[in-house]
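Following: one structure in structure tokens, then a few remarks.
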Amino acid sequence: MKTWYFIIDVEKCENCNNCFLSCKDEHADNDWPGFAAPMPTQGPSWIAIPTKERGSFPFIDVAYLPSPCMHCEDAPCMKAAEGGAIYRRDDGIVIIDPKKAGGQKKLVNSCPYGAIQWNDKLNLPQKCTLCAHLLDKGWEKTRCVQSCPTGALSMCRVEPSEMKKMVEAEKLEPFKPGLKTNPHVLYKNLYRFTRCFIGGSVARAVNGLEECVKGAAVTLVRGSETIGECVTDEYGDFKFDNLERGSGVYTVKVHRNGHGEKAVTVDLKESANVGVVYLS
Ligand code: SF4
Ligand code: SF4
């Protein structure tokens with residue numbers, strides 16, 4: 001059976017909020033009977049975009065995580081709902097029935113991703129429907145996917161075997177896999193939000209001025225294992241990414257022919273800027 005999957009590339013999201021706005025445009029004040037009652041005009045839409053800032057000045061990067069309902073196969077919200085108020089369709093879309101869910105405020109806390117919002121005016125829990133009212137009419141994309149200018153959002157309806165191949169080829173992963181909900185929203189380059197980097201710069205003093213050292217060899221070592229190797233860029237910068245938070249003590253070894261060698265150690269709790277490493 002083919003089911004829908006929502007693929008989100010974290011590296012491509014620029015936080016333009018077009019997805020947020022198109023979701024509002026489609027659902028605020030619009031009633032889609034059988035799919036969703038109107039979303040409030042004020043307040044959040046059904047796709048949040050949390051931000052993650054990593055590193056410290058001047059070595060910082062920022063990532064955004066577009067976060068709709070994950071359309072989980074093993075959805076805790078479904079288990080918590082009374083009277084069949086939340087159900088999963090054969091095509092993988094999880095729907096809150098706007099007629100049956102009235103008054104069930106506890107459903108807001110049943111979602112471990114925080115994807116359900118409470119509509120005070122309608123006394124109703126609500127969330128992303130994956131624009132099922134449009135897909136059922138033959139649309140191939142939700143409004144948010146259509147509006148994304150960078151290609152960060154995409155979707156497909158495929159057999160599980162095909163999805164398995166895509167997951168391996170594209171290195172897709174769920175957010176918070178420990179929840180074991182089998183979500184149908186999968187992320188590419190999720191490391192930008194969930195993992196750490198070690199970065200810094202290499203320089204040397206020339207006639208009392210600081211000069212960037214391009215092409216210095218940098219090696220990242222943990223214990224006896226070499227984790228990564230790179231060379232510094234035009235600005236003397238280096239960066240090792242996709243490291244696990246709290247994964248131990250690392251040594252950054254810097255070497256450039258004719259300019260000697262230096263080493264710096266880092267106990268990696270969060271993304272770390274080791275600052276400027278000076279060679280002779
Ligand atoms: S993300 Fe939350 S609301 Fe969506 S299906 Fe999973 S548990 Fe339910
Ligand atoms: S529209 Fe695309 S780039 Fe803009 S915030 Fe949403 S996912 Fe990110």
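The values are calculated or read from the model by the stated rules, or taken from the named source; none is laboratory data. This structure is a prediction, so every number in the text was calculated from the model and none was measured. Virtual Cβ from ideal backbone geometry, glycine too; neighbours counted across all protein chains shown.
Structure summary
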item: Residue under evaluation residue 3, criteria (1) more than 14 Å from ligand 1 (Cβ to nearest atom); (2) over 19 Å from residue 114 (Cα atoms), criterion not met; result: (1)
item: Residue check for residue 44: closer than 14 Å to residue 130 by Cβ and within 16 Å of ligand 2 (Cβ to nearest atom); result: no
item: Residue count, the range 154-179 (criterion: in a loop (DSSP other than H, G, I, E, B) and free of Cβ contacts under 8 Å to residues at least 60 places away in the same chain); result: 1
item: Residue tally, condition surrounded by fewer than 18 Cβ atoms within 10 Å (Cβ to Cβ) and among the small types (Gly, Ala, Ser), over the range 49-79; result: 1
item: All positions within the range 59-102 that are of a type in the set (Phe, Trp, Tyr) and at pLDDT 95 or above; result: 64, 87
item: The range 1-24: number of residues that are more than 7 Å from ligand 2 (Cβ to nearest atom) and surrounded by fewer than 19 Cβ atoms within 10 Å (Cβ to Cβ); result: 4
item: Residue 159, sole failed condition from (1) within 17 Å of the chain's Cα centre (by Cα); (2) more than 30 Å from residue 267 (Cβ to Cβ); result: (1)
item: Pairs with Cβ under 6 Å, 6+ apart, first in the range 74-95 and closer than 20 Å to residue 179 by Cα, second aliphatic (A, V, I, L, M) and away from ligand 1 (no atom under 11 Å from the Cβ); result: 93/132
item: Selection from the range 232-251 of residues that are surrounded by 14 or more Cβ atoms within 10 Å (Cβ to Cβ) and either among the hydroxyl-bearing types (Ser, Thr, Tyr) or more than 28 Å from the chain's Cα centre (by Cα) (or both); result: 232, 236, 247, 250, 251
item: Residues (under 22 Å from residue 157 (Cα atoms) and surrounded by 15 or more Cβ atoms within 10 Å (Cβ to Cβ)) located in the range 33-44; result: 35, 36
item: Selected residue [part of a loop (DSSP other than H, G, I, E, B), surrounded by fewer than 16 Cβ atoms within 10 Å (Cβ to Cβ) and not small (Gly, Ala, Ser)] from 270, 261; result: 270
item: Residue 208 on the phi > 0 side of the Ramachandran plot and without any contact (Cβ under 8 Å) to a residue 24 or more places away in the chain; result: yes
item: Which listed residue is in a loop (DSSP other than H, G, I, E, B) and outside the structural domain of residue 14 (by TED's automatic domain parsing), from 199, 215; result: 215
item: Qualifying residues in the range 12-43 (those that are in contact with a helix residue (DSSP H, G or I) (Cβ under 6 Å, 6 or more places away or on another chain) and either closer than 30 Å to residue 195 by Cβ or outside the structural domain of residue 132 (by TED's automatic domain parsing) (or both)) - the one farthest from ligand 1 (Cβ to nearest atom); result: 18
item: Any hit, the range 8-24, residues being out of contact with any His (no Cβ under 9 Å at 6 or more places or on another chain), among the small types (Gly, Ala, Ser) and either assigned to a strand (DSSP E or B) or closer than 15 Å to residue 191 by Cα (or both); result: no
item: Positions within the range 47-83 being in contact with a Phe, Trp or Tyr (Cβ under 8 Å, 6 or more places away or on another chain), over 20 Å from residue 132 (Cβ atoms) and of a type in the set (A, V, I, L, M), in sequence order; result: 49, 63, 65
item: Hits in the range 125-150 - residues which are surrounded by fewer than 22 Cβ atoms within 10 Å (Cβ to Cβ), closer than 19 Å to residue 37 by Cα and out of contact with any Lys or Arg (no Cβ under 9 Å at 6 or more places or on another chain); result: 133, 136, 137, 143
item: Candidates 51, 3, 41, filtered to the one that is β-branched (Val, Ile, Thr) and modelled with pLDDT under 95; result: 41
